[in-house]
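Accompanying notes for the structure given below.
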Amino acid sequence: MSSSRSDSSKPHYATSSLVIGYALCSSLLAVINKFAITYFNYPGLLTALQYLTSAVGVWLLGKLGFLRHDAFAWDTAKKFLPAALVFYLAIFTNTNLLRHANVDTFIVFRSLTPLLVAVADTLFRGQPRPSRLTFLSLLVILAGAVGYVANDSAFTLTAYSWALAYLVTITTEMVYIKHMVSTLELNTWGLVLYNNLLSLMIAPFFWFLTGEHAEVFTAVNANGGNVFEPVAFFAVALSCVFGFLISFFGFAARKAISATAFTVTGVVNKFLTVVINVVIWDKHATPFGLVCLLVTICGGVGYQQSVTVAKKPTNGPSNNADKGEDDESMELIPGKVATNV
């Protein structure tokens with residue numbers, strides 16, 4: 001009896017580990033990317049280097065036998081290409097938002113995505129409508145975001161234009177990539193490889209389209225062929241490492257939990273981001289703005305509690321509960337299609 005209970009708890013521990021790993025990487029990466037873009041002000045090249053690190057890392061570790069990933073095939077790549085394009089646009093707008101605004105502004109607009117993703121999940125993916133408590137929690141997130149924007153002394157049209165572009169692309173990315181993860185039979189490392197390799201192929205088009213290549217070439221010529229200062233090199237290297245880690249934990253967590261729950265996880269862990277951001281430098285919001293940020297985080301916690309209560313069995317262990325656990329464990333097996341999203 002105890003053995004059976006222990007076995008059934010393994011998927012929950014696995015899911016928790018993946019979500020915690022994603023939360024830590026996500027909370028740190030926002031500050032790391034702001035750090036990198038401050039000393040290496042080339043968002044297109046920065047993201048391309050992150051994609052390159054992740055794609056080469058998966059390929060190299062696969063060759064050495066440390067992991068297993070699906071082989072690259074053009075037929076699969078064609079199916080995954082729209083998802084990679086949406087992902088690239090989300091990261092591109094994210095990096096440009098960090099270029100023109102502080103981390104807190106990024107967090108506020110990131111916090112709006114659970115409400116939009118919940119609506120999109122219901123409209124386009126046939127998911128159940130949020131309960132009243134869940135919807136109330138999402139509205140609390142929205143209220144905190146509105147309060148922040150209304151009192152943002154550092155408001156600029158450029159920054160908020162990128163913020164709105166990021167909001168649209170990240171909402172689309174959350175829902176669409178969840179759909180691709182649920183339909184394409186790729187293991188987690190295969191998803192990481194396809195996503196980063198295809199994004200790397202897309203990067204040069206935007207690099208030249210935005211004219212950033214001219215800025216880079218000018219900087220290289222001005223610095224005698226060297227585009228990296230020591231601090232910039234460290235910041236970019238650190239962002240590439242965390243980009244690789246979040247690629248794995250991000251896809252693994254997407255396979256394990258719903259699109260809205262995944263999105264809210266990214267909001268709640270921003271509390272750590274706020275603390276780090278306030279401690280290390282002065283690129284943060286006013287005290288009232290920080291209070292509004294805390295409101296959005298409280299809304300995220302309320303959401304998480306509401307969905308936890310909704311999923312909790314009311315009549316004790318049953319065959320349906322066991323089936324739910326089996327379905328959840330199935331999502332964590334590489335190559336299996338997620339079922340209970």
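The values are calculated or read from the model by the stated rules, or taken from the named source; none is laboratory data. What you are looking at is a predicted structure, and each value in this text was computed from that prediction instead of being measured. Glycine gets a Cβ as well: all are built from the backbone with ideal geometry, and neighbour counts include every protein chain shown. Areas reflect the complete protein model, heavy atoms only, side chains present, ligands, DNA and RNA absent. Shrake-Rupley method; radii C 1.70, N 1.55, O 1.52, S 1.80 Å.
Checked across region 50-60, the condition of being hydroxyl-bearing (S, T, Y), over 18 Å from L191 (Cα atoms) and over 14 Å from the mean Cα position of the chain (by Cα) holds for no residue. Looking only at residues of region 108-127 that are on the phi < 0 side of the Ramachandran plot and of a type in the set (G, A, S), we find that the one that is surrounded by the fewest Cβ atoms within 10 Å (Cβ to Cβ) is A120. If you go through region 78-124 and keep only what is of a type in the set (S, T, N, Q) and modelled with pLDDT of 85 or more, you end up with T93, N94, T95, N96.
Checking I170 against (1) more than 29 Å from D104 (Cβ to Cβ); (2) in contact with a Ser or Thr (Cβ under 8 Å, 6 or more places away or on another chain); (3) not polar (S, T, N, Q): exactly one of these is not met. Which one? Only one criterion in (1) more than 29 Å from D104 (Cβ to Cβ); (2) in contact with a Ser or Thr (Cβ under 8 Å, 6 or more places away or on another chain); (3) not polar (S, T, N, Q) is unmet by I170, namely (1).
Considering every residue within region 196-215, establish whether at least one is touching a Leu at 6+ places or on another chain (Cβ under 8 Å), of a type outside the set (D, E, K, R) and more than 28 Å from F109 (Cα to Cα). Among the residues of region 196-215, not one is touching a Leu at 6+ places or on another chain (Cβ under 8 Å), of a type outside the set (D, E, K, R) and more than 28 Å from F109 (Cα to Cα), which makes the answer no.
Here V19, V31, V58 are screened, and the one residue that is among the aliphatic types (A, V, I, L, M), modelled with pLDDT of 75 or more, farther than 21 Å from E212 by Cβ and touching a His at 6+ places or on another chain (Cβ under 9 Å) is V58. Within region 226-247, the set of residues being modelled with pLDDT under 85, under 11 Å from S54 (Cβ atoms) and either out of contact with any Ser or Thr (no Cβ under 9 Å at 6 or more places or on another chain) or open to solvent by 50 Å² or more (accessible area, probe 1.4 Å) (or both) is empty.
Within region 85-103, is even one residue in contact (Cβ under 8 Å) with a residue 40 or more places away in the chain and either more than 20 Å from L46 (Cα to Cα) or among the acidic types (D, E) (or both)? There is no residue in region 85-103 that is in contact (Cβ under 8 Å) with a residue 40 or more places away in the chain and either more than 20 Å from L46 (Cα to Cα) or among the acidic types (D, E) (or both). Only a single criterion out of (1) surrounded by fewer than 16 Cβ atoms within 10 Å (Cβ to Cβ); (2) farther than 23 Å from F248 by Cβ is not satisfied by T105, namely (1).
The selection criterion, being open to solvent by 40 Å² or more (accessible area, probe 1.4 Å) and either assigned to a helix (DSSP H, G or I) or not acidic (D, E) (or both), does not hold for K34. For the residues F106, F124, F80, the requirement of being under 21 Å from the mean Cα position of the chain (by Cα), over 24 Å from S182 (Cβ atoms) and in contact (Cβ under 8 Å) with a residue 24 or more places away in the chain singles out F106.
The set of residues from region 16-59 being of a type in the set (F, W, Y) and touching a Phe, Trp or Tyr at 6+ places or on another chain (Cβ under 6 Å) comprises just one member, Y22. For region 60-76, filtering for residues that are assigned to a helix (DSSP H, G or I) and surrounded by 14 or more Cβ atoms within 10 Å (Cβ to Cβ) leaves 3. Of everything in region 156-179 that is within 17 Å of I257 (Cβ to Cβ) and modelled with pLDDT under 80, the residue that is surrounded by the fewest Cβ atoms within 10 Å (Cβ to Cβ) is H179.
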